[in-house]
Amino acid sequence: MNYPQIPETSVLTDSAAPPLVHDILLPTALTCPALPVTGSKSIFAFWHSGIGTLPPYLLRSVLAWYRRYSPLGWSVHIIDNVPGSPLNASHYIDTSSPDVVPAAFTTRSINGTYALQHTSDLIRYPLLLKYGGVYLDVGILQFGDLNWLWEE
């Protein structure tokens, strides 16, 4: 279909962003970030199998967060459930305590069609309660300004 151009706008080119090579070297600040400090500018998200396994379209979102917000003092933490990973949820919250997360998280007995989404849900509140910050799903394209949370 050929639509008329909206007055006072310009036509965007059809050039797509180059494909994201999945074996790119990710910044250390994303793969091994320092643990956040309570009340710091922290962005949290969850990907069960680790940041290195994010599909390209999701990795692009996370990299956009990092590029946009790290210069403003934000840290990005893509929490996972991979044993031995520096981003494993157990490094951030006490996953052995039933007061923090249900036993189903610790025993990895969450099942069903939405088990991975429920796993993310189970760590969201404990992370925010302990550190503050913002929790996003990895698919979020963040257009707004997060800094107003600290500046107002």
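The values are calculated or read from the model by the stated rules, or taken from the named source; none is laboratory data. Because the structure is predicted, anything quoted here is derived from the model rather than measured. Glycine also receives a Cβ, built like all others from the backbone with ideal geometry; neighbour counts cover every protein chain displayed.
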Quick one: SER15 ticks every box in (1) modelled with pLDDT of 85 or more; (2) surrounded by fewer than 15 Cβ atoms within 10 Å (Cβ to Cβ); (3) of a type in the set (S, T, N, Q) except a single one, so which number is it?
(1)
Could you count how many residues in the range 99-132 are of a type in the set (A, V, I, L, M), under 19 Å from LEU87 (Cα atoms) and surrounded by 14 or more Cβ atoms within 10 Å (Cβ to Cβ)?
7
Subset of the range 94-143, residues more than 30 Å from GLY73 (Cα to Cα), among the hydroxyl-bearing types (Ser, Thr, Tyr) and outside any helix (DSSP H, G or I), comes to SER96, SER97, THR107, SER109, THR113, TYR114
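If you take the residues of the range 45-73 that are of a type outside the set (A, V, I, L, M) and buried (at least 22 other Cβ atoms within 10 Å of the Cβ), which of them is nearest to TYR131 (Cα to Cα)?
We begin by selecting, within the range 45-73, every residue of a type outside the set (A, V, I, L, M); these are 46-50, 52-53, 55-57, 60-61, 65-71, 73.
Filter again for buried (at least 22 other Cβ atoms within 10 Å of the Cβ), leaving 46-47, 65.
Details: PHE46: 15, TRP47: 19, TRP65: 19 Å.
Selected residue: PHE46.
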Only listed residue being over 22 Å from TRP150 (Cβ atoms) and among the aliphatic types (A, V, I, L, M), chosen from ILE78, ILE93, ILE43:
ILE93
If GLU8 meets every condition in (1) over 20 Å from the mean Cα position of the chain (by Cα); (2) of a type in the set (D, E, K, R); (3) surrounded by 11 or more Cβ atoms within 10 Å (Cβ to Cβ) apart from one, which number is that one?
(3)
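Residues of the range 71-87 being over 13 Å from the mean Cα position of the chain (by Cα) and either part of a strand (DSSP E or B) or among the hydroxyl-bearing types (Ser, Thr, Tyr) (or both), which ones?
Residue satisfying the conditions is SER85 alone.
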Quick one: LEU146 ticks every box in (1) surrounded by 12 or more Cβ atoms within 10 Å (Cβ to Cβ); (2) part of a loop (DSSP other than H, G, I, E, B); (3) in contact with a Ser or Thr (Cβ under 7 Å, 6 or more places away or on another chain) except a single one, so which number is it?
(3)
Here is a list of conditions, (1) crowded, with 21+ Cβ neighbours inside 10 Å; (2) farther than 18 Å from THR107 by Cα; (3) in contact (Cβ under 8 Å) with a residue 60 or more places away in the chain, and HIS77 meets all of them except one; can you say which number that is?
(3)
Inter-residue pairs, beta-carbon under 8 Å, first within 17 Å of LEU58 (Cβ to Cβ) and touching a residue at least 12 places away in the same chain (Cβ under 8 Å) and in the range 132-152, second hydroxyl-bearing (Ser, Thr, Tyr) and exposed (fewer than 13 other Cβ atoms within 10 Å of the Cβ), 6+ apart
GLY139/TYR57
One residue from ILE24, ILE6 being under 27 Å from ILE123 (Cβ atoms) and at pLDDT below 90
ILE24
